[in-house]
Amino acid sequence: MSRAFVNEDHAAAQASAPVERQISAQPNYVTANGLAQLQAHVTLLQKQHSEQSTLGEGADKQRLADIERDLRYFNRRLQSAQLVTPARSSDKVQIGSWVTFADEDDRHLRVQLVGEDQADASIQLINWASPLGKALLGTQMGDEVTWKRPAGDQVIEVLQIEADA
């Protein structure tokens, strides 16, 4: 067999291997909801893995490899999860707090600071270590802080802080 064919086969096999998910270097702080979501995600992945594994030779090898990669990632995230005490005070912003703030154009936005895996900006769940999360963390009502954004810095004012409900 020609060496060229061996290399092509090897390259094809490598192309189908999923790229590992990178683990963040920041502490893995999670809210109670975030921890429950991680646990549910691992359970779902385990179920999917079991279903694919029972198919034996008929299993979708790429799908199985993707599930195994995701299981490795989410199991590590679950093992490193550090449950934060629920925000019970509205004195200062902490992980789990809901925060209403106003920007320089007096537009109001309400967000909750959560862990990395729970973050979803489309439903106002913001990673505590994101630029907005870092700007808000530890602030009190009435504080003005600079939100360091890629589009340019913006001064925001904390209008309201609500404990995690």
- Item | Within the range 130-165, considering residues that are surrounded by 19 or more Cβ atoms within 10 Å (Cβ to Cβ) and among the small types (G, A, S), the one farthest from N28 (Cα to Cα) | A135
- Pairs with Cβ under 8 Å, 6+ apart, first in the range 19-31 and within 28 Å of V93 (Cβ to Cβ), second of a type in the set (S, T, N, Q) and not in a loop (DSSP other than H, G, I, E, B): I23/S80; P27/Q82; N28/S80; N28/Q82; Y29/Q82; V30/Q82
- Query: How do the pairs read when you match residues in the range 47-58 that are more than 22 Å from F74 (Cα to Cα) with residues anywhere that are among the hydrophobic types (A, V, I, L, M, F, W, C) and exposed (fewer than 12 other Cβ atoms within 10 Å of the Cβ), using Cβ under 7 Å and keeping only pairs 6 or more apart or on different chains?
  - Reply: none
- What's the number of the condition A4 fails, among (1) modelled with pLDDT under 95; (2) surrounded by 11 or more Cβ atoms within 10 Å (Cβ to Cβ); (3) more than 30 Å from V93 (Cα to Cα); (4) among the aliphatic types (A, V, I, L, M)? (2)
- Message: I'd like the full set of residues that are buried (at least 16 other Cβ atoms within 10 Å of the Cβ) and either of a type outside the set (A, V, I, L, M) or touching a residue at least 24 places away in the same chain (Cβ under 8 Å) (or both), limited to the range 103-120.
- Response: V111, Q112, L113, V114, G115, E116, D117, Q118
- Flagged in the range 45-64 as closer than 28 Å to N127 by Cβ and either in contact with a His (Cβ under 9 Å, 6 or more places away or on another chain) or surrounded by 14 or more Cβ atoms within 10 Å (Cβ to Cβ) (or both), in numbering order, are L45, Q46, Q48, H49
- Task: Scan the range 125-146 residue by residue and report those that are under 23 Å from the mean Cα position of the chain (by Cα) and free of Cβ contacts under 8 Å to residues at least 24 places away in the same chain.
- Result: L125, I126, N127, S130, P131, L132, G133, K134, A135
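The values are calculated or read from the model by the stated rules, or taken from the named source; none is laboratory data. Since the structure is predicted, the reported quantities are computational estimates derived from the model, not experimental observations. For neighbour counting, all protein chains shown are included, and Cβ atoms are generated from backbone atoms with ideal geometry for every residue, glycine included.
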